1. Between residue 109 and residue 242, what FRET efficiency follows from the Cβ-Cβ distance if R0 is 41 Å, with the result rounded to 0.05?
2. What distance in nm lies between label points placed 7 Å from Cα along the C-beta direction at residue 102 and residue 85?
3. If you count, for each residue, the other Cβ atoms within 10 Å and average over each peptide, how do 277-285, 50-58 line up from highest to lowest?
4. If packing is taken as the average number of other Cβ atoms within 10 Å across a peptide's residues, how do 160-167, 179-186 rank, most packed first?
5. Measure off 7 Å from each Cα along the Cα-to-Cβ vector at residue 226 and residue 194, then give the distance between these two points in nanometres to one decimal.
6. Based solely on its DSSP helices, what 222 nm [θ] is calculated for the chain when runs of n ≥ 4 H residues each add -39,500 (n - 2.57) and the sum is averaged over all residues, nearest 500 deg cm²/dmol?
7. Going by the alpha-carbon gyration tensor, a ≥ b ≥ c the square roots of its eigenvalues, is region 155-229 rounded (a/c under 1.5) or, if a/c is not under 1.5, prolate (a/b greater than b/c) versus oblate?
8. Using a 10 angstrom cutoff on alpha carbons, build the Gaussian network for the chain and name the most mobile of 38, 141, 268.
C-alpha cells in the first residue's frame, strides 16, 4: 500500500512550476491593466494546481496499466511500481479533476461563463493525454497540450477572469511560460527517450531523435527569454525576467553535452526553478509597468 509520502512524490514532478508560473504571469498582466483580484487569482491557482496534479495521477494510471513505466529512471510511479492499485490512482485523478472543475465553476460565476467550456476542454485534454484508446501524448503531441493549457489557457484565462480582456503582454507571457513548461516535458521525455521508444510511446523526443530533442530544449528556453524581451520593448520593467538567464545556462549545458539518466533529473529540477524565477520576475515587471 502506498504511503502518503509516495503519493505526494508521484504527484510532484513539474507540478508546482507548471501550475503556479502561468497564474503568476496572468495575474501580473491583469495588474498591469489595473484589474488584479486576489480572490480570483487564488481560484485560478487552485484550478491550475488541481489540474496539474490530476494530470500526473492520470499519466501514472494510464502509463502503469499499459506497462510503459516498468523500466524508469525518474521519480517513482504508483501503478508502475506496484505501490498502489490502479483503480485508486484513477480515482485520485478524477478527484483532482473534480476539484479543478468546482473551483473553475466558482471562478466562472464571479467572472465569465465563457471559462466553463474552456475548463471542460482542459479536463478532457488532461485525461486523454495518456488515457483512452488513442492517447495523443503517445503520438508526440504532449508538448502541444502543455503549451496550450499550461501556457496560453492558464495565463490568458487568469488575466481574462480578472480584467475581462487580455493584453499583448499576457499573450507573450503565455508564450514564454508555455515554452518553459514544454521544456520541462521535453527533458522529462528525453530522460526516457530510449525506453519510451521500445514500448511504442512516440513522444516528441522519440520522434525528433535524441540529438534534435536536446537542441529543441535549448531553443524552448531561448524562446521564453525572447518573449520577455519583446514585452520589454513597450514595458521595460518586463526585462527583469532576463535576470533569470544565468539559471538557464547549467541545464542547457548539461542537455547539450549529452547528459543522461540522473543528470537529467537534476536538469528537470533546474528547469522548474527557472520557470518559477522567470515567472516571478516577469510578474514583478508587469506590475511595475502599470
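Values in this text are rule-based calculations from the coordinates and carry no lab data. All values reported here derive from a predicted model rather than from experimental measurement. When we count neighbours, we look across all protein chains shown, and the Cβ atoms used for this are built from the backbone with ideal geometry, even at glycine.
1. Values: r = 39 Å, r/R0 = 0.94.
That pair, residue 109 with residue 242, gives E of 0.60.
2. For residue 102 paired with residue 85, the spin-label model returns 2.3 nm.
3. On the way: 277-285: 23.9, 50-58: 25.7.
Packing order, densest peptide first, comes out as 50-58, 277-285.
4. Details: 160-167: 19.8, 179-186: 27.5.
So the order, starting with the most tightly packed, is 179-186, 160-167.
5. That separation, rounded to one decimal, is 3.2 nm.
6. Details: 14 runs with 213 residues, N = 290.
One gets -24000 deg cm²/dmol as the mean residue ellipticity at 222 nm.
7. Values: a/c = 4.48, a/b = 2.21, b/c = 2.02.
In terms of gyration-tensor shape, prolate.
8. Of 38, 141, 268, the most mobile in the Gaussian network model is 38.
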